[in-house]
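Have a look at the structure below before the remarks.
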Amino acid sequence: MLRINLPILEFVEARLNGHPEVGKKVFEAGKTFIQQGSRISKVYFLLSGIAKCYIQEDNGKDYIFEFLGKGEVVGDIEAIRQEKCLCNITAITEVETLVVPQALFNSLLESYPAFNAMIMKELATRISQTCIRAAYQQLYPVEYALLRVLTLENAQQIFISKKDLAAYLGITVRSFNRTVKELRQKKIIDTQGLKLDISQEALVKILNRFDE
């Protein structure tokens with residue numbers, strides 16, 4: 001749910017520390033620093049904070065692909081393919097980034113096979129995780145998908161708004177609230193927030209039941 005990539009960040013910081021073309025930039029919560037359909041000249045590595053990667057449909061609805069944490073890189077696809085931005089990137093919390101020019105980023109890819117392999121693995125992971133999530137959203141009911149997301153949110157000790165969780169699941173806020181109400185009636189999550197109110201063993205049994 002919340003992706004991090006410390007090896008990539010460590011690699012970049014070790015080789016670009018003090019580089020005259022590289023700087024740091026902080027974005028306040030709610031700031032969109034990559035705009036869908038725009039052109040950018042920088043690649044951003046997250047040093048701290050949480051951001052969301054999403055597309056906005058013509059009807060104004062958002063679909064969130066992933067939540068991004070420390071070490072994640074954005075703007076890499078645009079740098080490699082030299083095309084307009086595919087998605088929006090918006091800070092959920094205050095986000096500090098390492099800002100690298102596209103030309104320098106591409107130079108790293110060409111000069112360091114290890115870095116190239118890291119980026120390829122990162123791109124492959126994005127595709128894999130997106131496919132898996134799309135599959136269980138199609139094959140399983142909303143209750144199952146929501147429980148999986150809440151399990152990850154609780155485990156990673158992060159807070160995501162209802163609106164963003166609904167956009168991540170590809171459902172309306174109304175459907176999200178209805179499912180939450182049903183889970184509360186079953187005493188699976190607490191009555192105030194979205195914290196799981198059952199044991200890990202009981203949760204596993206519930207999730208396994210959907211596979212039967």
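The values are calculated or read from the model by the stated rules, or taken from the named source; none is laboratory data. Remember, predicted model here, so these are calculated numbers, not experimental data. Glycine also receives a Cβ, built like all others from the backbone with ideal geometry; neighbour counts cover every protein chain displayed.
When the residues of the range 67-91 are filtered to those that are in contact with a strand residue (DSSP E or B) (Cβ under 7 Å, 6 or more places away or on another chain) and surrounded by fewer than 20 Cβ atoms within 10 Å (Cβ to Cβ), the one that is nearest to L2 (Cα to Cα) is K70. Mind checking whether some residue in the range 175-185 is among the charged types (D, E, K, R), at pLDDT 90 or above and under 15 Å from I64 (Cα atoms)? No; the residues of the range 175-185 include none that is among the charged types (D, E, K, R), at pLDDT 90 or above and under 15 Å from I64 (Cα atoms). Inspection of the range 43-52 identifies at least one residue that is exposed (fewer than 15 other Cβ atoms within 10 Å of the Cβ), in a strand (DSSP E or B) and under 17 Å from the mean Cα position of the chain (by Cα). When the test is whether a residue is among the polar types (S, T, N, Q), in a loop (DSSP other than H, G, I, E, B) and in contact with a helix residue (DSSP H, G or I) (Cβ under 8 Å, 6 or more places away or on another chain), T179 does not pass it. Of all residues in the range 162-176, those satisfying the criterion of being buried (at least 16 other Cβ atoms within 10 Å of the Cβ) and outside any helix (DSSP H, G or I) are G170, I171.
Every condition in (1) in the same structural domain as D190 (by TED's automatic domain parsing); (2) exposed (fewer than 14 other Cβ atoms within 10 Å of the Cβ); (3) touching a Phe, Trp or Tyr at 6+ places or on another chain (Cβ under 8 Å) is met by F159 except one, and the failing one is (3).
Considering each residue of the range 115-123 in turn, none proves to be touching a Ser or Thr at 6+ places or on another chain (Cβ under 9 Å), surrounded by 15 or more Cβ atoms within 10 Å (Cβ to Cβ) and at pLDDT 95 or above.
If you go through the range 163-174 and pick out every residue that is of a type in the set (A, V, I, L, M, F, W, C), at pLDDT below 90 and in contact with a strand residue (DSSP E or B) (Cβ under 8 Å, 6 or more places away or on another chain), you end up with 0.
Taken together, G60, G71 contain a single residue that is more than 17 Å from A103 (Cα to Cα), assigned to a loop (DSSP other than H, G, I, E, B) and in contact (Cβ under 8 Å) with a residue 24 or more places away in the chain, which is G71.
In the condition set (1) of a type in the set (S, T, Y); (2) in a loop (DSSP other than H, G, I, E, B); (3) modelled with pLDDT under 95, S38 is compliant with all but (3). Filtering the range 138-156 to residues that are surrounded by 14 or more Cβ atoms within 10 Å (Cβ to Cβ) and either over 25 Å from G69 (Cβ atoms) or assigned by TED's automatic domain parsing to the domain that holds T93 (or both) leaves Y140, V142, E143.
Results for (1) over 24 Å from M120 (Cα atoms); (2) touching a residue at least 24 places away in the same chain (Cβ under 8 Å); (3) in contact with a Ser or Thr (Cβ under 6 Å, 6 or more places away or on another chain), shown as yes or no for each residue.
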position: I4; (1), (2), (3): no, yes, no
position: F11; (1), (2), (3): no, yes, no
position: G18; (1), (2), (3): yes, no, no
position: K25; (1), (2), (3): yes, yes, yes
position: E28; (1), (2), (3): yes, yes, no
position: F33; (1), (2), (3): no, yes, no
position: Q36; (1), (2), (3): no, yes, no
position: V43; (1), (2), (3): no, yes, no
position: G49; (1), (2), (3): no, yes, yes
